[in-house]
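Colleague: I have a structure I would like to understand better, so I am pasting it below and will then ask my questions one at a time.
Nothing in this text is a laboratory measurement; each read-out follows from the coordinates by a stated rule. It should be emphasised that the depicted structure is a prediction, and the values quoted were computed from it without experimental measurement. Neighbour counts run over all protein chains shown; Cβ positions are idealised from the backbone, glycine included.
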Amino acid sequence: ALMITTIVAVLGTLAGSAIAHLSQRSQLRIADGRARRSERLAAVEALATALADHRRAMWVREDLRLRGEDWAAARAESHNTRSAITAPLLRVQLLLPDVATTAQDAARAAYELRNADDEIALTESREHAIQQADRFVTTAGVAVAT
């Protein structure tokens, strides 16, 4: 009887340890998934912000250029905002490879505000860049949620 009690106690201890271990692993997986989702969301936010900043800078720059005004400072600013796209774009490409093409399309559309022939072309380029950025955010939102 003592032997059976000892075996049951050992088996109970082992079962408890196994359950605790599985529970801990499950909680770690959940936490890891949340951290990955948070990192992906931060990457999407950073790129969306950088794209909006560059669109604005390019609009100001090209508007000044088309009006024949001094646009040297706006040109320097647009170089800074374009550079600011590089790191978040790379992060999105690495963390969300399914969204990479959409992110690249959005960046390319923002770059294409450059050298517009007139105000109408500039406005059309801006609208296209906004649509591409919106498409990126929508696509990335689905990818981050899964």
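Colleague: With respect to Thr81, is the statement that it is polar (S, T, N, Q) and in contact with an Asp or Glu (Cβ under 7 Å, 6 or more places away or on another chain) true?
Modeller: In short, yes.
Colleague: Hey, could you check the range 116-136 for residues that are assigned to a helix (DSSP H, G or I) and of a type in the set (Gly, Ala, Ser) and say which is farthest from the chain's Cα centre (by Cα)?
Modeller: Among those residues, the one meeting the criterion is Ala121.
Colleague: Within the bounds of the range 66-76, is there any residue that is closer than 15 Å to Leu51 by Cβ and touching a Leu at 6+ places or on another chain (Cβ under 8 Å)?
Modeller: No: the range 66-76 contains no residue that is closer than 15 Å to Leu51 by Cβ and touching a Leu at 6+ places or on another chain (Cβ under 8 Å).
Colleague: Looking only at the range 31-43, decide whether some residue is among the acidic types (Asp, Glu) and within 26 Å of the chain's Cα centre (by Cα).
Modeller: Yes; the residues of the range 31-43 include at least one that is among the acidic types (Asp, Glu) and within 26 Å of the chain's Cα centre (by Cα).
Colleague: While we're on this one: Considering only residues that are aromatic (Phe, Trp, Tyr) and more than 30 Å from Asp32 (Cα to Cα), which ones fall in the range 87-146?
Modeller: Filtering the range 87-146 down to residues aromatic (Phe, Trp, Tyr) leaves 111, 136.
The one that is aromatic (Phe, Trp, Tyr) and more than 30 Å from Asp32 (Cα to Cα): Tyr111.
Colleague: Here is a follow-up. Which residue pairs have Cβ atoms closer than 8 Å, lie 6 or more positions apart in sequence or on different chains, and pair a first residue in the range 65-84 that is touching a residue at least 40 places away in the same chain (Cβ under 8 Å) with a second residue that is among the hydrophobic types (A, V, I, L, M, F, W, C)?
Modeller: So the pair list comes out as Leu66/Ala116; Leu66/Leu122.
Colleague: Right, something else. Going through Leu94, Leu113, Leu90 one at a time, which residue ends up being under 28 Å from Ala42 (Cβ atoms) and part of a loop (DSSP other than H, G, I, E, B)?
Modeller: Every option except Leu113 fails the conditions.
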